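Heads up: the structure comes next, in structure tokens.
The numbers here are math on the coordinates, done by the rules we state, and not lab data. The structure presented is a predicted model; accordingly, all values stated were derived computationally and were not measured. As a convention, Cβ positions derive from the backbone with ideal geometry for all residues, glycine included, and neighbour counts pool all protein chains shown.
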Amino acid sequence: MDRHLLSINDLTRAEAFGILNTAHELAIISDGTLKKLPTLRGRTVVNLFFEDSTRTRISFESAAKRLSADVINFSAKGSSVSKGESLKDTAQTLQAMGADAVIIRHGASGAAQRLADSGWIQASVINAGDGTHEHPTQALLDAYTIRNSFPEYTDSFEGLRVAIVGDILHSRVARSNVLLLKKLGAQVTLLAPPTLLPVGVDSWGVETSYQFDEVIPKVDVVMMLRVQSERMLDSFFPSEREYSRSFGLDSRRLDLLPPRSIVMHPGPMNRGLEISAESADSHKSVVLAQVANGVLIRMAVLYQLLGGQTLGDISSVQPITQVANK
Amino acid sequence: MASLLDAGDIGRALKRIAHEIVERNHGLESVVIIGIPTRGDYLAKRIAKVLSEIESPVPVGTLDITMFRDDLRLRAPRPLLPTSLPSGGIEGKCVVLVDDVLFSGRTIRAALDALGEIGRPKSVQLAVLVDRGHRELPIRADFVGKNIPTSANESVKVNLTEIDDEDSVLLIPEVSGEHNG
């Protein structure tokens, strides 16, 4: 596995299953009394969040702490420095502090890649969501949750049918999920109004549809996406009521789902808009399992990136003066 | 490549270790057997089988100690192996750790750390099929299948039919690579 986790494309199919298997073993270990593992003692993990987040930041923080790493939360909110400069300054500060991993969430697509490629830091970079690009750990925890519900797909998702419904255009969760689900062998259908499908979706290798009712009886997994009002600067659909009627998961559609199927949502949910309260709380909903599994997946990723020898172990950290002169 | 133990030797050694465990603990009342994956786990199950034949059934568990190793930073991350602890736990029990080869003692140190996180056993004993010397820590085994003096650059390979072709212990000369702790 590469030093960074920026995109699902950084992982081979075997590496992706390796992370899921590691999370599975971690679940068994921490299910009992082994709540705290000494594995990353002395490592420093920085949460660098330029965008608001509760569950992802807390999930990463909890994962790092359960592996005994030191966690620094760096909230960049309110920074008025232009993007490139601020990211560079911040990165150099983190390097000087001796960070072993930087978990970055940023509003600009490609921010994590920039941080990793810049040469500003030696730390491993983990993408926790960059703009409308990717959110790889979310896709991994979703795949893990799916596998827990369908043990027959433990070694391959060949034959698994997944529908991803809603705001595909703005969703980094959808992008990472499409990449990972296809990599693992699943068959993916995207359901959205034409205005919320990205340009070039034909090249993604997935099916698209506007008819929720036709697709829903044929899927094992229905993944609802949040309508991201904060990224919608234009009107993408006539009204919330009409969106909800065409693409919302209400109790009528819930009944159309096959018996064993599951309902997923990355959160936070707009109850009543893309998902009804009844669907969100039904026995088919695995939303809370997704949150719990997030910690395990992030522990597995941190272990894979930091558990062994890292760049910082080989070449000692450069003196601060030297970095500053560059 | 010299053969140190054959299938018959391994069977007899495990039988003797089982009898010694019963003798040392005056029965099996609070004994729990815990194997260290991969081959220690199979040996633990074999010892438990002998114990159930000669005395009574005992709880058996598996403990992966990867996350507790002190040499994690010296190589690439290893995949985790299954862990399953007996439902009765280890609190107040006489835990018998089982591994295939005792070498540096670092695996056992990691196992003791892991056990310390799980609970407080009344005592911890160690059973190994082969003790090859070269300890780097003050750790010794309570039950030893066979003491085999080796040189540090030799390697001891334990084969078990559960995952290998045969039951055997081989001495492989001058090999760098996998070290059994």
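Observations on the structure shown:
- Cα-based helix-to-principal-axis angle, A:55-66 vs chain A, degrees rounded to 10: 50 degrees
- Overall Cα dimensions of the protein assembly as shown - principal axes, largest extent first, Å: 81, 63, 41
- Other protein chain Cβ atoms within 10 Å, averaged over every residue that makes up A:24-31: 4
- Of A:Glu230, A:Glu274, A:Glu51, the residue with the greatest mean-square motion in the GNM of chain A, using alpha carbon springs below 10 Å, is A:Glu230.
- Counts of other chain beta carbons within 10 angstrom of each beta carbon in peptide B:75-82 average 6.
- For the peptide A:297-307, the mean number of other protein chain Cβ atoms found within 10 angstrom of a residue's Cβ is 2.
- Helix A:287-306 and the long axis of chain A differ in direction by around 30°, with both axes built from C-alpha atoms.
- If the convex hull is drawn through the Cα atoms of chain B, its volume per residue in Å³: 116 Å³
- Vicinal HN-Hα couplings computed from phi for segment B:165-172 (Karplus, 6.51 cos²θ - 1.76 cosθ + 1.60; Hz; Gly/Pro x): 6, 8, 8, 6, 10, 10, 9, 9
- On Cα atoms only, tilt of A:136-149 relative to the major axis of chain A in degrees: 50 degrees
- Kirkwood hydrodynamic radius of segment A:23-175, from inverse mean 1/r over distinct Cα pairs, in Å: 17.1 Å
- Cβ charges +1 (Lys, Arg) and -1 (Asp, Glu), total dipole of chain A, debye: 660 debye
- Computed log₁₀ I(q)/I(0) - Debye formula, equal Cα scatterers, no solvent, segment A:177-254, q 0.11, 0.19, 0.24, 0.27 Å⁻¹: -0.31, -0.95, -1.37, -1.51
- Computed over all pairs of different Cα atoms, the Kirkwood value for the hydrodynamic radius of segment A:137-287 is 15.3 Å.
- Each DSSP beta bridge with both residues in segment A:137-287 is either parallel or antiparallel, and the antiparallel ones are about 0%.
- Gaussian network model of chain A, Cα within-10 Å springs - most flexible of A:Asp89, A:Asp234, A:Asp202: A:Asp234
- Percent of beta bridges antiparallel (DSSP, chain A, rounded to nearest 5): 5 percent
- The separation of segment B:55-88 from segment A:161-221, counted between C-alpha centres, amounts to 40 Å.
- The GNM of chain B, with springs linking C-alpha atoms under 10 angstrom apart, assigns the highest mean-square fluctuation among B:Thr62, B:Thr107, B:Thr38 to B:Thr38.
- Set of lysines with alpha-carbon distance to A:Lys218 below 17 Å, sequence-local pairs under 8 removed: A:Lys284
- Estimated FRET transfer efficiency (B:Ser56, B:Arg12; beta-carbon r; R0 30 Å; 0.05): 0.90
- For chain B, calculated [θ]222 nm from helices alone, where every DSSP H run of n ≥ 4 adds -39500 (n - 2.57): -8500 deg cm²/dmol
- Residue-averaged 222 nm ellipticity for chain A, from DSSP H runs of 4+ at -39500 (n - 2.57), nearest 500: -12000 deg cm²/dmol
- Volume per residue of the C-alpha convex hull in segment A:251-292, rounded to whole Å³: 64 Å³
- In terms of distances greater than 28 angstrom between alpha carbons, the cross-link table entries A:Lys65/B:Lys122; B:Lys93/B:Lys146; A:Lys35/B:Lys45; B:Lys49/B:Lys157; B:Lys15/B:Lys93 yield A:Lys65/B:Lys122.
- Using a simple spin-label model with pseudo-atoms 7 Å out from Cα toward Cβ, B:Ser87 and A:Gln211 lie 5.1 nm apart.
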